[in-house]
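For reference, the structure discussed in these notes is given below.
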Amino acid sequence: MGKFYLIYGNDEQAVKKKSAAIANSLTQDNTQCDTEVISGDNGKYDDILQQLINNLQTPPFLTPEKLVFL
């Protein structure tokens, strides 16, 4: 089972900074990560949640790790 981080807040810059710091710490040995970005701005909550679940259940592609951003 992989690690799960939840970064939340109203300060968009602080959220981006913390997300980048965590991503960098996970790839500090210069390994590549499969990265998925899910936009939660538009769409139905059910569709966004299903897309998140699908991404979390899919193994990384040609890399040892996978990052999913919502």
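The values are calculated or read from the model by the stated rules, or taken from the named source; none is laboratory data. This structure is a prediction, so every number in the text was calculated from the model and none was measured. Note that each Cβ is placed from the backbone with ideal geometry, even for glycine, and that neighbours are counted across all protein chains shown. Keep in mind that these areas ignore ligands, DNA and RNA; they rest on the heavy atoms of the full protein, side chains included. Shrake-Rupley method; radii C 1.70, N 1.55, O 1.52, S 1.80 Å.
Shown here for the chain: trypsin sites (Lys or Arg not before Pro) in loop regions (DSSP other than H, G, I, E, B) with at most 10 other Cβ atoms within 10 Å, namely LYS3, LYS44. Highest GNM mean-square fluctuation among THR27, THR35, THR58, for the chain modelled with Cα contacts below 10 Å: THR58.
Restricting the chymotrypsin sites (Phe, Trp or Tyr not before Pro) of the stretch 18-70 to loop positions (DSSP other than H, G, I, E, B) with no more than 11 neighbouring Cβ atoms within 10 Å leaves PHE61. Per residue, the accessible area of the chain comes to 88 Å² when a 1.4 Å probe rolls over the protein heavy atoms.
The calculated 222 nm mean residue ellipticity attributable to helices in the chain amounts to -13000 deg cm²/dmol, summing -39500 (n - 2.57) over DSSP H runs of n ≥ 4 and dividing by all residues. Only protein atoms count toward the accessible area here, which uses a 1.4 Å probe; on the chain, the carbon and sulfur part of that area reaches 52 percent.
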